[in-house]
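The values are calculated or read from the model by the stated rules, or taken from the named source; none is laboratory data. Since we're looking at a predicted model, the values are computed, not measured. Cβ placement follows ideal geometry from the backbone for every residue including glycine, while neighbour counts extend to all protein chains displayed. For the accessible areas, the whole protein counts, side chains as well, though only heavy atoms, and no ligand, DNA or RNA atoms are used. Shrake-Rupley method; radii C 1.70, N 1.55, O 1.52, S 1.80 Å.
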Amino acid sequence: MADTDLAIELRGAGRRYGERAALRDVTLELEAGRTLVVFGPNGAGKTTLLRMLATLLRPHAGEVRVLGRPLPDDGYAVRGRIGFLGHEAMLYRELSGRENLRFYARLYGVAPARVEEVLAAVGMSARADDPVAELSRGMVQRLAIARAVLHEPALLLLDEPLANLDPAAAAQVAPLIGAGSHATRVVTSHDPAGGLRGADLALGLKAARVTFLAPAGEIRAAQIAELYS
Ligand SMILES: Nc1ncnc2c1ncn2[C@@H]1O[C@H](COP(=O)(O)OP(=O)(O)OP(=O)(O)O)[C@@H](O)[C@H]1O
Ligand SMILES: [Mg+2]
């Protein structure tokens, strides 16, 4: 059945906060293993879309299916197969990076050895015992990436994943969250060239609405620039 190959299916999906619409009438399909890049100005609805896909926000309109399961009803069934990297690191600031990751490893039933593997992969082994509160923003972002990929999720939801990373760190985390990661990915970006690179499908949001949805190779720089005008 073709449907089983779809990692994400949205039909007329919407979400509001009180009276304000944060996302209106989004319809899209993303096949398993593919990457969707989401562009849009501040407040366009990108984070709202990702949080909805992450089962953190329930849709107020339309249908949302993630990894073959309808949300919000089957959220419990897919939560453990999703890795969400949001604007917030979702780390306990008084705990160290290693303690945080060991906590999440227990939660996900992941072997402790995997914690050391991801710490090394994000270049944080040497500072892994410092409280998160004492780390730089880029270091916290590296740990947040380690947390998001710890359980080798089938679906990665990445909200501006390279924020606060230096160029070397961005290159270092590419095997974990980049196009070679094997997961289905939804990535928000404000960087047209960087965002389109490694993406299969591109979505433009503006004021809660879809302005374009097309194969990444067909999107022109002018269309992205228009979003921000
Ligand atoms: N918790 C909330 N309560 C009320 N309104 C919210 C909340 N979160 C988001 N919004 C509103 O929803 C709209 C979409 O916000 P969202 O965070 O999805 O934008 P975004 O595209 O991720 O922007 P940015 O590029 O700044 O991250 C905005 O008008 C925002 O003010
Ligand atoms: Mg956002």
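Remarks
- Among the conditions (1) open to solvent by 10 Å² or more (accessible area, probe 1.4 Å); (2) of a type in the set (S, T, N, Q); (3) in a helix (DSSP H, G or I); (4) away from ligand 1 (no atom under 16 Å from the Cβ), N100 misses just one, which is (1).
- Within the option set L95, L143, being within 30 Å of V38 (Cα to Cα), touching a residue at least 24 places away in the same chain (Cβ under 8 Å) and hydrophobic (A, V, I, L, M, F, W, C) holds for one residue only, L143.
- Strands (runs of 3 or more DSSP E) fully within the stretch 1-80 counting 3 or more residues that are over 16 Å from the mean Cα position of the chain (by Cα): 6-17, 20-31, 61-66, 69-71
- Test for L36: is it open to solvent by less than 90 Å² (accessible area, probe 1.4 Å) and within 16 Å of ligand 2 (Cβ to nearest atom): yes
- In the stretch 82-97, residue farthest from the chain's Cα centre (by Cα) [restricted to those that are within 18 Å of P153 (Cβ to Cβ) and buried (at least 17 other Cβ atoms within 10 Å of the Cβ)]: L91
- Residue within the stretch 37-49 that is more than 27 Å from G217 (Cα to Cα), without any contact (Cβ under 8 Å) to a residue 24 or more places away in the chain and either within 16 Å of ligand 1 (Cβ to nearest atom) or of a type in the set (A, V, I, L, M) (or both) present: no
- Single residue of the stretch 158-192 satisfying the filter (open to solvent by less than 20 Å² (accessible area, probe 1.4 Å) and within 12 Å of ligand 1 (Cβ to nearest atom)) that is farthest from G68 (Cα to Cα): S189
Okay, residues lined up against (1) in a helix (DSSP H, G or I); (2) of a type outside the set (K, R); (3) more than 18 Å from the chain's Cα centre (by Cα):
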| site | (1), (2), (3) |
| --- | --- |
| L119 | yes, yes, yes |
| A126 | yes, yes, yes |
| L143 | yes, yes, no |
| R147 | yes, no, no |
| P153 | no, yes, no |
| L162 | no, yes, no |
| A169 | yes, yes, no |
| P175 | yes, yes, no |
